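Just so it is clear, none of the values below were taken in a lab; they were calculated from the coordinates. Owing to the predicted nature of the structure, the values given are computational and were not obtained by experimental measurement. A quick note on method: Cβ atoms are made from the backbone with ideal geometry, for glycine too, and the neighbour counts reach across all protein chains shown.
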Amino acid sequence: MPVARAAVIGAGTMGAEIAQVIAEQGVPVTLKDVSQEFLDRGMRHVESVFRRRVERGRLSEDEAQAKLALIAPTLSYDDLADADFVIEAVPERLTLKEAVFAELNRACKPEAILATNTSSLPVSRLAKASGRPSNVVGFHFFNPASVMKLIEVIVTPETSEETVQTTLEFGRRIGKLPVPVKECPGFLVNRILFAAMAEGMRYREENDATIASVDAALRERAGVPMGPFQLADLVGLDVLLEIGDVLVAAYGERFATPPILRELVAQGRHGAKNGGGFYSREGTPIDLGTKPADPERLVQQVTAASFLEAFRCLDEGIVTDPKDIDVAMQAGAGWATGPIAWADQVGLGAVVALLSALAAKVGPRFTPPERLKSLAEHGGSLRDALPSP
Ligand code: 3HC
């Protein structure tokens, strides 16, 4: 089904940028929120993204104005009657999102696809609330949504094949790179990214390293655009904590976030969006740690932790092609390469040896899974880690 008109519910930073991305690609989009104040703020954010495009010479002033005019702000669900593809981007509270999906079911035509940009709530629960579960799918953008290419398309057991295909097509139509992912807590990219971030943060704690030296070492040596503390400030410490809690509840202590994160959130330091988190607005880090990080050791630990999570995702069949993991990490988090390409390059035998050495030196969290050891022993490839269809 071709999408002639889209809609976004929620005009916060994410919702506004999603509407901007859609309009920039020439698709008319309705932007709905509950108050004029929120809508005005969202439209100001959209305008600021278009303004930056003009300043950087990517669009002319006239083009930017024409694209901006494709966004129709509204306060009423009644204006969603002709939308073919609706993306919910309201705050991450399950009861609120369930109420929105029930409302969308009433307001939208029966064939409309209802998508959610949730980063941490179960898409299946929203599918249930919608009364049309086969038309519901996750459509997960990455910060900053106007820049990062990836959209995770979260497929629940009830999502129809037609819904998946239309969603992938629409993702490509709006200039993004959609990757299908089987539903699980944290989906794909946040699982691997948060495993890497949690390991970077844990290394800092265990080695009394400074925040700035951890971030710099990973930026300079691990092929990532931001270290964990910088990225935490971009994503929002409150959001990070929320997702971290979901991951700990689902998978256990390997996702434990440092106590300082909770303390900063309690102090109201939520990151770049409200004046500072691990760094001040001027870029000064908070006073944590006294020593410089050992770049080689740190990169080893973070690489190993991200690979282990990627391996678990393969083993659970979260993707159908191992290469999708690397594509997703590159397009969603700006990584130069992905954990699968890394393991292919060093070889599974060497990966198991590194994990075993780290398990002995650093802790049991690095213990190589039996299935990985068996693949390495029998000359198998990571594709063999996928469950049989
Ligand atoms: N908001 C919007 N646009 C931004 C931005 C921001 N905060 N920061 C930078 N940009 C834009 C710039 O305007 C520029 O646009 P252009 O290509 O049209 O000129 C483009 O991004 C590149 O910017 P710069 O050259 O100034 O900066 P960098 O090269 O340093 O790139 C970055 C900035 C793209 C943010 C890069 O550092 C990066 O990829 N960081 C990793 C981001 C990441 O991991 N995101 C995923 C987080 S997890 C998530 O979102 C999931 C959710 O569930 C929590």
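Once you've got the Cα coordinates, tell me which of Lys97/Lys273; Lys149/Lys361; Lys97/Lys149 are over 27 Å apart. Spell out each step's value before the answer.
Numbers: Lys97/Lys273 23 Å; Lys149/Lys361 38 Å; Lys97/Lys149 25 Å.
Too far apart for the 27 Å limit: Lys149/Lys361.
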(message) From the phi angles alone, apply the Karplus equation (6.51, -1.76, 1.60; θ = phi - 60°) to the stretch 260-273 and give each ³J(HN,Hα) in whole Hz, x where the residue is Gly or Pro.
(response) 4, 5, 5, 5, 5, 4, 4, 7, x, 8, 9, x, 4, 5
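Quick one: grab the alpha carbon gyration tensor of the stretch 215-305, order the square roots of its eigenvalues as a ≥ b ≥ c, and give me rounded if a/c is under 1.5, else prolate or oblate depending on whether a/b is larger than b/c.
Working: a/c = 1.80, a/b = 1.11, b/c = 1.62.
Cα axes put the stretch 215-305 in the oblate bin.
Based on the Kirkwood radius over alpha-carbon pairs, what value in µm²/s does the Stokes-Einstein equation return for the translational diffusion coefficient of the stretch 257-318 at 37 °C and 0.692 mPa s? Please list the in-between numbers first.
Numbers: Rh = 14.4 Å.
Here the translational diffusion coefficient equals 228 µm²/s.
Once the other residues with Cβ under 13 Å from the Cβ of Gln65 are scored (Lys, Arg +1; Asp, Glu -1), what is the net sum? List each step's numbers first, then the result.
Details: positive: Arg51, Arg53, Lys67; negative: Glu24, Glu47, Glu61, Asp62, Glu63.
Net of charged neighbours comes to -2.
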(request) Taking the Cα centre of the stretch 6-182 as origin, work out the dipole magnitude from +1 charges on Lys and Arg Cβ and -1 charges on Asp and Glu Cβ, in debye rounded to 20. (result) 480 debye
(request) Alpha carbons only, please: Rg and Dmax for the chain, in angstrom. (result) 21.3, 63
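How much net charge surrounds Gly338 when only other residues with a Cβ under 11 Å from its Cβ are counted (Lys, Arg +1; Asp, Glu -1)? Display every interim value, and only then the final one.
Details: positive: Lys323; negative: Asp324, Asp326, Asp344.
Counting the neighbours of Gly338, the net charge comes to -2.
How high is the FRET efficiency between Asp79 and Arg172 when r is their beta carbon distance and R₀ equals 25 Å, given to the nearest 0.05?
0.40
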(request) Return one quarter of the surface area of the convex hull spanned by the alpha-carbon atoms of the stretch 6-182, equal to its mean projected area, in nm². (result) 8.8 nm²
(request) Would you list, by chain and number, the aspartates and glutamates whose Cα falls below 18 Å from the Cα of Lys67, excluding same-chain residues fewer than 8 positions away? (result) Glu17, Glu24, Asp40, Glu47, Glu55
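Grab the Cα-Cα distance for Asp40 and Ala4, subtract it from 0.36 nm times how many residues apart they are, and report the gain in nm with one decimal.
On the way: separation 36, 0.36 × 36 = 12.96 nm, distance 2.47 nm.
Extra length from Asp40 to Ala4 when fully extended: 10.5 nm.
Using a 10 Å cut-off around each Cβ, can you sort Arg371, Arg56 from fewest to most neighbouring Cβ atoms?
Details: Arg371 15, Arg56 8.
By the 10 Å Cβ count, ascending: Arg56, Arg371.
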(message) At 0.36 nm per residue, and after removing the present C-alpha to C-alpha distance, how many nm does the segment from Ser374 to Ala336 gain when stretched out fully?
(response) 10.8 nm
(message) With viscosity set to 0.890 mPa s at 25 °C, what whole-number translational diffusion coefficient in µm²/s follows for the stretch 100-245 from Stokes-Einstein and a Kirkwood radius over Cα pairs?
(response) 147 µm²/s
(request) Answer rounded, prolate or oblate for the stretch 1-81, using the Cα gyration tensor with square roots of eigenvalues a ≥ b ≥ c: rounded when a/c is under 1.5, else prolate when a/b is larger than b/c, else oblate. (result) oblate
(request) Go through the stretch 225-330 and name the trypsin sites (Lys or Arg not before Pro) that are in a DSSP coil and have 15 or fewer other Cβ atoms within 10 Å of their Cβ. (result) Arg281
(message) Relative contact order for the chain: what percent, with Cα pairs under 8 Å and sequence separation of 6 or more?
(response) 12 percent
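Classify the stretch 302-389 as rounded, prolate or oblate from the Cα gyration tensor: take a ≥ b ≥ c as the square roots of its eigenvalues, call it rounded if a/c is under 1.5, otherwise prolate when a/b beats b/c and oblate if not. Spell out each step's value before the answer.
Numbers: a/c = 1.75, a/b = 1.21, b/c = 1.44.
Cα axes put the stretch 302-389 in the oblate bin.
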(request) Treat every Asp and Glu Cβ in the chain as -1 and every Lys and Arg Cβ as +1, leave all other atoms uncharged, and give the resulting dipole magnitude about the Cα centre to the nearest 20 debye. (result) 300 debye
(request) Excluding residues fewer than 8 places away in the same chain, name every one of the aspartates and glutamates whose C-alpha is closer than 17 Å to that of Lys182. (result) Glu152, Glu158, Glu161, Glu162, Glu309, Asp315, Glu316, Asp321, Asp324, Asp326
(message) Less than 18 Å from a label point 7 Å out along the Cα-to-Cβ axis of Glu161: which backbone N atoms in the stretch 302-330 qualify, by residue?
(response) 320-321
(message) Multiplying the sequence separation of Lys361 and Lys182 by 0.36 nm and subtracting their Cα-Cα distance, what value in nm do you get?
(response) 61.0 nm
(message) Could you derive backbone 3J(HN,Hα) for the stretch 289-304 from the dihedral phi with the Karplus parameters 6.51, -1.76 and 1.60 (θ = phi - 60°), listing whole Hz in sequence and x where the residue is Gly or Pro?
(response) x, 10, 10, x, 5, 8, x, 5, 5, 4, 4, 4, 5, 5, 5, 5
(message) For Cα pairs less than 8 Å apart in space and 6+ apart in sequence, what is the mean separation divided by the residue count of the stretch 90-139, i.e. the relative contact order in percent?
(response) 41 percent
